[in-house]
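The values are calculated or read from the model by the stated rules, or taken from the named source; none is laboratory data. Just so it is clear, the structure is predicted and the values come from calculations on it, not from any experiment. So basically every Cβ, Gly included, is an ideal-geometry build from the backbone, and we count neighbours across all protein chains shown.
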């Protein structure tokens, strides 16, 4: 058994550090652009943009967040006028989530910028390397299920 002594070489530390650095970098760039939302809120808006009418539970499952966190983020996005909740027929406790016109405009106005941020983070990596990285991370995730 090879016990890694330097924490900076532990795979999970590297993954966590990379994730935090990406969020910090994105938050700075969002602020510079005048985007008044968090990276996590952007992820929700983008998901709702791609899946209009989805349920809060579906959002939580796909964003890998607990229901309470999703509720708080959706409440903030609703206050900003970006989303609205529509009651689901025959179910008083569930709502379908939709972007408002302002929310759709917001996503469309910033989607290329956010993609550019992602592209910058993988500068120097080939498409094959990016595909390999994705594949390896998915395999690790499957090992942890």
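All but one of (1) assigned to a helix (DSSP H, G or I); (2) over 28 Å from residue 123 (Cα atoms); (3) under 17 Å from the mean Cα position of the chain (by Cα); (4) free of Cβ contacts under 8 Å to residues at least 40 places away in the same chain hold for residue 65; which doesn't?
(1)
Looking at the stretch 81-109 only, could you name the residues that are part of a loop (DSSP other than H, G, I, E, B) and either within 10 Å of residue 53 (Cα to Cα) or at pLDDT below 95 (or both)?
Selection gives 89, 90.
Here's a check for you: in the stretch 118-133, which residue that is closer than 12 Å to residue 22 by Cβ and not in a loop (DSSP other than H, G, I, E, B) is farthest from the chain's Cα centre (by Cα)?
120
Cβ-Cβ distance below 8 Å, separation of 6 or more or different chains: which pairs start in the stretch 125-145 with a residue that is surrounded by 10 or more Cβ atoms within 10 Å (Cβ to Cβ) and end on one that is in a loop (DSSP other than H, G, I, E, B) and at pLDDT 95 or above?
The qualifying pairs are 130/122; 133/125.
Take residue 36 and decide whether it is free of Cβ contacts under 8 Å to residues at least 40 places away in the same chain and surrounded by fewer than 13 Cβ atoms within 10 Å (Cβ to Cβ).
No, not satisfied.
Within the stretch 26-55, track down each residue that is under 12 Å from residue 106 (Cβ atoms) and not in a helix (DSSP H, G or I).
The answer is 34, 35, 36, 37.
Can you tell which of 73, 45 is within 30 Å of residue 119 (Cβ to Cβ), modelled with pLDDT of 95 or more, out of contact with any strand residue (DSSP E or B) (no Cβ under 7 Å at 6 or more places or on another chain) and surrounded by 11 or more Cβ atoms within 10 Å (Cβ to Cβ)?
When all the criteria are applied, what remains is 73.
Answer yes if at least one residue in the stretch 3-10 is surrounded by 11 or more Cβ atoms within 10 Å (Cβ to Cβ) and either on the phi < 0 side of the Ramachandran plot or assigned to a loop (DSSP other than H, G, I, E, B) (or both), and no otherwise.
Of the stretch 3-10, the ones surrounded by 11 or more Cβ atoms within 10 Å (Cβ to Cβ) are 10.
Keeping just the survivors that are either on the phi < 0 side of the Ramachandran plot or assigned to a loop (DSSP other than H, G, I, E, B) (or both) gives 10.
Within the stretch 3-10 (the criterion being surrounded by 11 or more Cβ atoms within 10 Å (Cβ to Cβ) and either on the phi < 0 side of the Ramachandran plot or assigned to a loop (DSSP other than H, G, I, E, B) (or both)), the answer is yes, since at least one residue qualifies.
With respect to residue 112, determine if the residue is at pLDDT 95 or above, more than 21 Å from residue 24 (Cα to Cα) and not in a loop (DSSP other than H, G, I, E, B).
no
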